[in-house]
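For reference, the structure discussed in these notes is given below.
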Amino acid sequence: MSIPLSYVPLNSSVNPSFWSKLSELKIDVYKSNEIDVVIWGYSRLIENANLPTSLLEVDSTSFNKEFSDQETYIPFYGKFINTNTIEKFKSCDKQLLINNEGMKFVERFKNGDVLKNPSLLNWFILLTFADIKKYHYYYWFAFPVPQSVTIEKVSSCNISEEFSDEMMIDFYNEFKKLNSIQTSYFVTLKINNLVYLSSLYETFSDESVLKDREPYFTFLNLSPSSNVGSQLRTFVAFILHHRPILEGTKAKFLALNLSRDKTNISLKKSTIYTLKLPEVSSIDMSTTWVGWEKNERDNMGPRLANMKNTLDPAVMAEISNDLNLKLMKWNLLPNIDLQKIKATKCLLLGAGTLGCSVARTLLGWGIRNITFVDNAVVSSSNPVRQSLFTFQDALKSKPKAQAAADSLKLICPGVNSNGYQFTIPMPGHPVGESLLMQTMEEIDKLTELIQNNDIIFLLLDSREGRWLPTLIAASKQKMVINAALGFDSYLVMRHGVYEPKIQEPKAMTCPAGFKSVDGRKLGCYFCTDIVAPGNSMKDRPLDQQCTVTRPGVSQIAGALAAELSLSLLMHEEQIAAPAFYVSKQNVNDLEIDKLNPSILGLVPHSIRGFISSYEQFSPATEKFTNCVACSDFVVRQYRDFGKKFLFEVFNNSKHLEEVAKVPKFDDLSESDIYETGVDEEFSDWAIQ
Amino acid sequence: MENSTISIQDFHKYINAFLTISNDLLDEWKLNTIDQNIENNKFLTKKQVVLLRNPADPDLQIIATFEYHLVYNISYAVPVLCFNIWRQDGSRITLEEYWNYNKNLHDYNMHDTLTQMDHPVLNKPIFTLHPCKTYEILKEFLKTSKNPVISWLSVVSQFVHLDLLEEYLKSC
Ligand SMILES: [Zn+2]
């Protein structure tokens, strides 16, 4: 009794280098032409016991003219077609293609090519479409076999039943001498208990070789030893073409499986099959071929390799950046929300030393949405201090906001960065008739940008410039981080959140020596100033308008501003996070855990540093009821009267003091100011 | 101070010996030489296909191709084992995905031990068993082994699915 033999097909495996080589060839050589060439694939000589199927692999060497020989590889001859469009890939008649290639394959039987080079019996078709820009590769492998060749199994046994251990060792030694094109298909003969390996050429060009002998038609089994690889069907077709007399008869086949037996390579897993061959009159009748590979969903259909993460350098860089942050998360900060950081949008008002420094630190933190606003162009003195600019930017007088945004993209292609060049309207800077429309547009643009961003950084070089964004951001209850520089000092602070009616916050327990201020009660940059910001250009001598700062100061302050924003962003209570400050000197143990920290630690209200003494303090200041920028009086006036109010202030900054009901100097009691740090005049006119 | 490093000359000597054994065993390790005129210009590579099973869900398995690199790290003056992994379609398996499939390292601090670093010769990011732990392992072998690189590799290979044949150890 015989039963139909079942086969296991090969399984394709593509090395990433194959796709990158294909892209390279497409761009450099084939351009818009369809690619239709011969390529090489390979399978492994030694069985991988862990895998359910054998693999056919392709890599960058697949495109070489000659098969790049490696002792343990079995060459596969491949027909490769890359279509130009996805439509052609889809509409290509796969049955017609495999039949046509099958007929060409039969030609190679007839003209003697296969006889001389039996490795041609191992062949495949690969149809692809490469969407190079997206790094998407559609592909479909076929391992073609003639459909009409069906084989029945009469019996099978392990090789050891018919070959002694000694003969097997002989066998392997003879096998090792074979040229790689001969290793996959040959005929094994036992002559006086000696193993003789006869090439296909030798076997089929001389009638006498098989005469009165029982040959083992031998094939390297491209399947785990428990099964038979489907390429046996092409081998049988080949044998029947050369020996039609064998049609319908029984013959012995040796399915060779090389496996590692400790350190030796052995044939012990090989199987001898007695097979009943089909009664096809000729391989010429085999007009129908099968063998298209099923996809990963086990359907007859193509596969898609999405190689964006593997081959796109920009994406690869982003993955590496992300990994750094993830390592921080896994090792130190399990609760950090990296997705939130990535989604956070930052508006940087000012693209000078501070803007550059803040942006670079934010990039490191994984912030990927950064917008700059600055009215200036890059000047020749900027690049040495402003880390995003080059001498070339200065030569071209590029607008700073755009130059900074472009520079971020050069550093990190994955960033979404934009730049806008305009002047932020300022109190006490009257707007002339001719600039009215433009100023209106600038206010609208600024309002829109503040609305569309999550964190607003005030990194401007003038005090007046900070007023309008402070007011708009307060009205929109946005997170505001402010940084200002003196010659050798800096101030970095967050603004308190604006709430029309502050509910009394729940009492917080404070460790001895500390006091805390609820985030809704914290002041803004202007809260400690009781004078409305005026036109400081008018009132100050020139040398004060343009102080220089020590170069490191902006780097320190920029980094602190970015770090403060991250601490705040990661705090449970967001901008309402309370700020703690030291109320008594000589507090010893700073137990951060007791001070309602974010996962990144404390979130102070302000940080003041002095490079001359290398000291730093973190005072907290309460909101000033009559603040000219964030008080309820001013915010309500802005909400009620909008631009009308703003223009009144631009034309006359004293108007602000009236709206804010700023008390006369004499009325102020000392206790309104909670500031405990060292007071210092911060120059807003430093070159930044 | 006890010496726990290897000179680059010795590294080259040890990997040459390693390669000779591999060639005899048909173990597919390949020598790569970079043309550039730098001292650290040689490393070994080997491709190995592994069926990765997710320990948490045995039904989740993928055929993964590992490309191992045995390279010299000049700053640590030790050998390092690096590798890339990809699926059957060629797309890269990320470090996080691999961690899910790697039960060998579950008991260790994986993020410290197996991380991504730049390839010491190719300067591209590649998964790397961090060299800082190498000293401890190497220290003993430097005294006892004829080929400390092989001895060290035989210890670390098992953590990252690399099969190292016993035959190699006979030369140590
Ligand atoms: Zn205020």
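Kindly evaluate A:I159 against the criterion of being farther than 19 Å from A:P118 by Cα, over 49 Å from the mean Cα position of the chain (by Cα) and open to solvent by less than 60 Å² (accessible area, probe 1.4 Å). Yes: the conditions hold for A:I159. Hey, A:G112 hits all of (1) on the phi < 0 side of the Ramachandran plot; (2) out of contact with any Leu (no Cβ under 9 Å at 6 or more places or on another chain) but one; which does it fall short on? Condition (1) is where A:G112 drops out. Highlighted here are the helices (runs of 4 or more DSSP H) found entirely within the range B:87-169 that include at least 3 residues which are within 13 Å of another protein chain (Cβ to nearest Cβ), modelled with pLDDT of 85 or more and open to solvent by less than 70 Å² (accessible area, probe 1.4 Å): B:95-101.
Taking the residues in the range A:487-497 that are part of a loop (DSSP other than H, G, I, E, B) and in contact with a Lys or Arg (Cβ under 8 Å, 6 or more places away or on another chain) as candidates, determine which candidate is nearest to the ligand (Cβ to nearest atom). Among residues in the range A:487-497 that are part of a loop (DSSP other than H, G, I, E, B) and in contact with a Lys or Arg (Cβ under 8 Å, 6 or more places away or on another chain), the one nearest to the ligand (Cβ to nearest atom) is A:G496. Annotation note: of B:I21, B:I34, the sole residue that is exposed (fewer than 13 other Cβ atoms within 10 Å of the Cβ) and either in contact (Cβ under 8 Å) with a residue 40 or more places away in the chain or among the polar types (S, T, N, Q) (or both) is B:I34. Regarding the range A:245-256, can at least one residue be identified that is small (G, A, S), at pLDDT 90 or above, crowded, with 17+ Cβ neighbours inside 10 Å and more than 51 Å from the chain's Cα centre (by Cα)? Looking through the range A:245-256, at least one residue is small (G, A, S), at pLDDT 90 or above, crowded, with 17+ Cβ neighbours inside 10 Å and more than 51 Å from the chain's Cα centre (by Cα). Selection of the range A:26-36 for residues being within 28 Å of the chain's Cα centre (by Cα) and surrounded by fewer than 17 Cβ atoms within 10 Å (Cβ to Cβ) yields A:I27, A:D28, A:K31.
Being surrounded by 15 or more Cβ atoms within 10 Å (Cβ to Cβ), within 30 Å of A:A130 (Cα to Cα) and at pLDDT 90 or above holds for only one residue in B:V80, B:V50, B:V71, and it is B:V50. You will find that of A:L435, A:L458, the residue that is within 16 Å of the ligand (Cβ to nearest atom) and in the same structural domain as A:Y420 (by TED's automatic domain parsing) is A:L458 and no other.
May I ask you to list the residues in the range A:614-637 that are more than 12 Å from the ligand (Cβ to nearest atom), open to solvent by 60 Å² or more (accessible area, probe 1.4 Å) and polar (S, T, N, Q)? Scanning the range A:614-637 gives a single hit, A:Q616. Yes or no: A:E442 surrounded by 20 or more Cβ atoms within 10 Å (Cβ to Cβ), acidic (D, E), assigned to a helix (DSSP H, G or I) and more than 16 Å from the ligand (Cβ to nearest atom)? Taking the combined requirement at face value, the residue satisfies it. Applying a threshold of 6 Å to beta carbon distances and a minimum spacing of six or more residues, or different chains, the list of pairs starting in the range A:630-646 at a residue that is under 15 Å from A:P469 (Cβ atoms) and more than 14 Å from chain B (Cβ to nearest Cβ) and ending at one that is more than 11 Å from the ligand (Cβ to nearest atom) and not hydrophobic (A, V, I, L, M, F, W, C) reads A:V635/A:S475; A:Y638/A:S475. Going by the conditions given, is A:K116 closer than 30 Å to B:K30 by Cβ, open to solvent by 50 Å² or more (accessible area, probe 1.4 Å) and over 35 Å from the mean Cα position of the chain (by Cα)? Against the criterion (closer than 30 Å to B:K30 by Cβ, open to solvent by 50 Å² or more (accessible area, probe 1.4 Å) and over 35 Å from the mean Cα position of the chain (by Cα)), A:K116 qualifies.
Being in contact with a Lys or Arg (Cβ under 7 Å, 6 or more places away or on another chain), over 24 Å from A:G519 (Cα atoms) and open to solvent by less than 30 Å² (accessible area, probe 1.4 Å): is that true of A:F422 here? In short, yes.
In the range A:313-340, the residues that are within 9 Å of another protein chain (Cβ to nearest Cβ) form no Cβ pair under 6 Å with any partner that is small (G, A, S) and open to solvent by 60 Å² or more (accessible area, probe 1.4 Å), whether six or more places apart or across chains.
For beta carbons closer than 6 Å, sequence separation of 6+ or different chains, a first residue in the range A:63-87 that is within 14 Å of chain B (Cβ to nearest Cβ) and under 23 Å from B:D24 (Cβ atoms) and a second that is polar (S, T, N, Q) and in a strand (DSSP E or B), the qualifying pairs are A:I74/A:S43.
Results for (1) over 31 Å from the mean Cα position of the chain (by Cα); (2) of a type in the set (K, R); (3) under 26 Å from B:Q61 (Cα atoms); (4) assigned to a loop (DSSP other than H, G, I, E, B), shown as yes or no for each residue.
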{"residue": "A:V38", "(1), (2), (3), (4)": "yes, no, no, no"}
{"residue": "A:S43", "(1), (2), (3), (4)": "yes, no, yes, no"}
{"residue": "A:L51", "(1), (2), (3), (4)": "no, no, yes, yes"}
{"residue": "A:S62", "(1), (2), (3), (4)": "no, no, no, no"}
{"residue": "A:Q70", "(1), (2), (3), (4)": "yes, no, no, yes"}
{"residue": "A:P75", "(1), (2), (3), (4)": "yes, no, no, no"}
{"residue": "A:K79", "(1), (2), (3), (4)": "yes, yes, no, no"}
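The values are calculated or read from the model by the stated rules, or taken from the named source; none is laboratory data. In this text, all values refer to a predicted model and were calculated from it rather than measured experimentally. Note: ideal-geometry Cβ built from the backbone for every residue, glycine included; neighbour counts use all protein chains shown. Remember, those area values only see protein heavy atoms, side chains included, never the ligands or the DNA or RNA. Shrake-Rupley method; radii C 1.70, N 1.55, O 1.52, S 1.80 Å.
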